[in-house]
1. Which of the three applies to the stretch 50-112, rounded, prolate or oblate, going by the alpha-carbon gyration tensor with a ≥ b ≥ c and a/c under 1.5 meaning rounded?
2. Could you tell me the calculated FRET efficiency between Asp62 and Ala28, based on Cβ-Cβ distance and R0 = 22 angstrom, to the nearest 0.05?
3. First measure r as the distance between the Cβ atoms of Ala69 and Lys4, then evaluate 1/(1 + (r/R0)^6) with R0 = 22 Å and state the FRET efficiency to the nearest 0.05.
4. Given R₀ = 30 Å, what would the calculated FRET efficiency be for Asp90 paired with Lys15, taking r from the Cβ atoms and rounding to 0.05?
Amino acid sequence: MTGKEKAAYLSRYKKLERHLDQKVEELARWRSRAEKVTPPLLGAGDRQTGDRVAFAVEKIIDIEEEIAADMAQISGVREGIRAAIAAVDDDVLQTLLYYRYIDGCTWEQIAARMSYNYRWVLRLHDRALEQVATPGHIDRC
């Protein structure tokens, strides 16, 4: 695998996490909508309001199920990425990869945390990617 492909592999965790955050926000919007729909007054028999509440509840349940499935997937991806990072021999390179691909830090944040300049962090990143073992190669390292 090329360095670019390895970086894309390692970036999957943060991408999935952002996708999960979007679903959580969608869930919050649906819950808010459900709370705004007031039940009909006693005896008024407003079927339309009941239908809207039922639809909102169904949507909330669907999104909650999607979130649970996504969380299981994210957990597996994260463990795979952690294993790939752990296969790197150098502690400094492991730390850099962890900051970038697990914590989601920018290059500038990594440079500040590690007390390196920006360009040196990029060079270290290239070195780290050379050592990253991707899924089919982790057992061989």
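1. Verdict is oblate for the stretch 50-112.
2. E between Asp62 and Ala28, to the nearest 0.05, is 0.90.
3. 0.15
4. The pair Asp90/Lys15 has a calculated efficiency of 0.70.
Readers should treat all values here as calculations from the given coordinates under stated rules, not as data from a laboratory. Everything numeric in this text was worked out from a predicted model, so none of it was measured. A quick note on method: Cβ atoms are made from the backbone with ideal geometry, for glycine too, and the neighbour counts reach across all protein chains shown.
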